[in-house]
1. Within the range 85-106, track down each residue that is in contact with a helix residue (DSSP H, G or I) (Cβ under 6 Å, 6 or more places away or on another chain) and either in contact (Cβ under 8 Å) with a residue 60 or more places away in the chain or part of a loop (DSSP other than H, G, I, E, B) (or both).
2. Restricting the range 117-170 to residues that are exposed (fewer than 15 other Cβ atoms within 10 Å of the Cβ) and hydroxyl-bearing (Ser, Thr, Tyr), which is modelled with the lowest pLDDT?
3. If the Cβ limit is 7 Å and pairs must be 6+ apart or interchain, which residue in the range 8-32 that is free of Cβ contacts under 8 Å to residues at least 60 places away in the same chain pairs with which residue that is of a type in the set (Lys, Arg) and assigned to a helix (DSSP H, G or I)?
4. In the range 14-33, which residue that is assigned to a strand (DSSP E or B) and either at pLDDT 95 or above or touching a His at 6+ places or on another chain (Cβ under 6 Å) (or both) is surrounded by the most Cβ atoms within 10 Å (Cβ to Cβ)?
Amino acid sequence: MEIMTQEPITAPPEMTLDRASAIMRDRGVGSVIVVDRHMPVGILTERDIVTKACADDRAPSSMTIGEIMSAPVTVIGPDDDVEEAARKMSAGRIRRLPVVQKGKLVGVVTENDILRLLPHLVELTREWARTGMYEEGPGPVEGHCDVCGVYSKELFRDGKLLVCPDHRTG
């Protein structure tokens, strides 16, 4: 909740793509959260516009954002911690995460919001995703120990850290 943008830019799925693009341009944002009755049902990003409309030579005034939005959308709660937001973004390879409370959109957290607060966190969660550390598997992985920084082929998850045998507590 502390790092999210309150009152994110939203649009209904039936809005035309040209109108949504103009809103994104005028507001200086790279995405619009697509909502139906205050609940996010998708997200329209610049990438969606380029890959699903422009690249196919489709007329923006004749298509709705609901036709090309990315869905379903991954969400997070306002009381979840920043690390969980970074983990979800990394695991889903997404850069924007709508914040939902009691079925209603209350904000959005972006990768840039997290980077401003904890620059190392995004890289850490990307390493976790790459090494499979989101799964609670029993085996070790390769990488750098989060405690001492030494490279090891025997890193284990210890709480929220990847640690070498010298720093393992469990």
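1. The one that is in contact with a helix residue (DSSP H, G or I) (Cβ under 6 Å, 6 or more places away or on another chain) and either in contact (Cβ under 8 Å) with a residue 60 or more places away in the chain or part of a loop (DSSP other than H, G, I, E, B) (or both): Arg95.
2. So the residue we want is Tyr134.
3. Ile9/Arg27
4. Here is the first cut: in the range 14-33, the residues assigned to a strand (DSSP E or B) are 16, 31-33.
Those left that are additionally either at pLDDT 95 or above or touching a His at 6+ places or on another chain (Cβ under 6 Å) (or both): 16, 32-33.
Numbers: Thr16: 17, Val32: 25, Ile33: 23.
Among those residues, the one meeting the criterion is Val32.
Rundown of residues vs (1) part of a strand (DSSP E or B); (2) buried (at least 18 other Cβ atoms within 10 Å of the Cβ); (3) not aromatic (Phe, Trp, Tyr), yes/no style:
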{"position": "Val35", "(1), (2), (3)": "yes, yes, yes"}
{"position": "Leu44", "(1), (2), (3)": "yes, yes, yes"}
{"position": "Ala53", "(1), (2), (3)": "no, yes, yes"}
{"position": "Arg58", "(1), (2), (3)": "no, no, yes"}
{"position": "Ser61", "(1), (2), (3)": "no, no, yes"}
{"position": "Gly66", "(1), (2), (3)": "no, yes, yes"}
{"position": "Glu83", "(1), (2), (3)": "no, no, yes"}
{"position": "Val108", "(1), (2), (3)": "yes, yes, yes"}
{"position": "Leu115", "(1), (2), (3)": "no, no, yes"}
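The values are calculated or read from the model by the stated rules, or taken from the named source; none is laboratory data. This is a predicted model, so every value here is computed, not measured. Virtual Cβ from ideal backbone geometry, glycine too; neighbours counted across all protein chains shown.
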